[in-house]
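Chemist: The structure that follows is given in the form of structure tokens.
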Amino acid sequence: MGKQAKNKELKALIRLMDEPDHKVYDQIKGQIFSYGLDAISALETTWENSFDNLIQKRSLDLIHEIQFENTYIELNNWAHFQFNDLLKGFILVSRYNYPDLDIDSIIKKVGLIIQDVWLEINSDLTGLEKIRVINHIIFDVHHFRGNKKNFFSPDNFFVNNVLDTKLGNPLSLGLLYLIVCQSLKIPVYGINLPKHFILAYADSNSIKEDSAIRQSDVMFYLNPFNKGAIFTKNEVDLYVEQMKLPKDNSYYTPANHLVMINRLLEDLIFSYEKIGYKDKVTELQKLQQAVL
């Protein structure tokens, strides 16, 4: 079927969206859904121009379902083939809530931070000196900081909000910090600490090619929620003890990107549970299956 014929069929199906029989409507809905993102524009036009509440609701619901399905597929593809690109994973989770996200704008804003760090850093600096430069650029020049007033707000988990408001939680600020470091090949890694998220700076000279980074490779740790404050393994030990957590090597060694994006979804689910958004919780639990 040619494009013109497909568009004609789609418009004919959309005109039937006021079908009162739910079983018949489900068939119509399934056919429209099969058009995927190509149906969005026509559905938006219908929603804007219709005065029928039923058609408006069905149009919005169908737009959301198509966009959700597309996000699920893209996140699943990322998890299987593109998980080295942490920023893309962060963007895809954010697109759950902001389907029309301006991805180019996000990449440009992150790129400016990376460029500012690159201009100030050089290979002659020690690990501590490099981190001081990065902390200065991210927290003093670009003014990012922890959102202590609304710590559990879902807004803290979406990259566009973090870039626009300069506010985030330990995880979102940590992911941003990681993206900057990875772009510049600075050996900073994410540590998936329960109820917290920290970073580790590793000794690049001791890291063996194609092998996992060991606890002994880590030189020091960073707290992205506290302007990149530096601390040692002793502080992590104390935290683990205070939280009464069982001993686990993962509290001291880097997590991979899949683990971190799954953690992003888990914490976002918890955030929506706290404010009673059950529909979003259900959808995010489904979305989480894309990275498991």
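Chemist: Of the residues Leu16, Leu101, which single one is without any contact (Cβ under 8 Å) to a residue 60 or more places away in the chain, more than 30 Å from Ile179 (Cα to Cα) and either crowded, with 17+ Cβ neighbours inside 10 Å or not assigned by TED's automatic domain parsing to the domain that holds Glu283 (or both)?
Modeler: Residue meeting the stated conditions: Leu16.
Chemist: Okay, moving on. Which ones in region 50-77 are without any contact (Cβ under 8 Å) to a residue 60 or more places away in the chain, crowded, with 19+ Cβ neighbours inside 10 Å and over 18 Å from Phe33 (Cβ atoms)?
Modeler: Residues satisfying the conditions do not exist here.
Chemist: Now for a different question. Does His196 count as touching a residue at least 24 places away in the same chain (Cβ under 8 Å), out of contact with any strand residue (DSSP E or B) (no Cβ under 7 Å at 6 or more places or on another chain), surrounded by fewer than 21 Cβ atoms within 10 Å (Cβ to Cβ) and closer than 25 Å to Gln288 by Cβ?
Modeler: yes
Chemist: If you scan region 122-131, which residues turn out to be under 27 Å from the mean Cα position of the chain (by Cα) and over 16 Å from Phe144 (Cα atoms)?
Modeler: Lys130
Chemist: Now, a different point. Go over the candidates Leu178, Leu163, Leu167 one by one and state the one that is within 23 Å of Ile137 (Cβ to Cβ), free of Cβ contacts under 8 Å to residues at least 24 places away in the same chain, among the aliphatic types (A, V, I, L, M) and surrounded by 18 or more Cβ atoms within 10 Å (Cβ to Cβ).
Modeler: Exactly one residue qualifies, and that residue is Leu167.
Chemist: Looking at region 228-247 only, could you name the residues that are of a type in the set (Val, Ile, Thr), within 17 Å of Leu128 (Cβ to Cβ) and surrounded by 15 or more Cβ atoms within 10 Å (Cβ to Cβ)?
Modeler: Ile230
Chemist: Considering only region 53-62, I want to know if a residue exists there that is under 30 Å from Val259 (Cα atoms), at pLDDT 95 or above, assigned to a helix (DSSP H, G or I) and not assigned by TED's automatic domain parsing to the domain that holds Val93.
Modeler: Checked against the condition, which is being under 30 Å from Val259 (Cα atoms), at pLDDT 95 or above, assigned to a helix (DSSP H, G or I) and not assigned by TED's automatic domain parsing to the domain that holds Val93, region 53-62 yields no hits at all.
The values are calculated or read from the model by the stated rules, or taken from the named source; none is laboratory data. In this text the structure is predicted, and so the values were computed from the model without any measurement. Note that each Cβ is placed from the backbone with ideal geometry, even for glycine, and that neighbours are counted across all protein chains shown.
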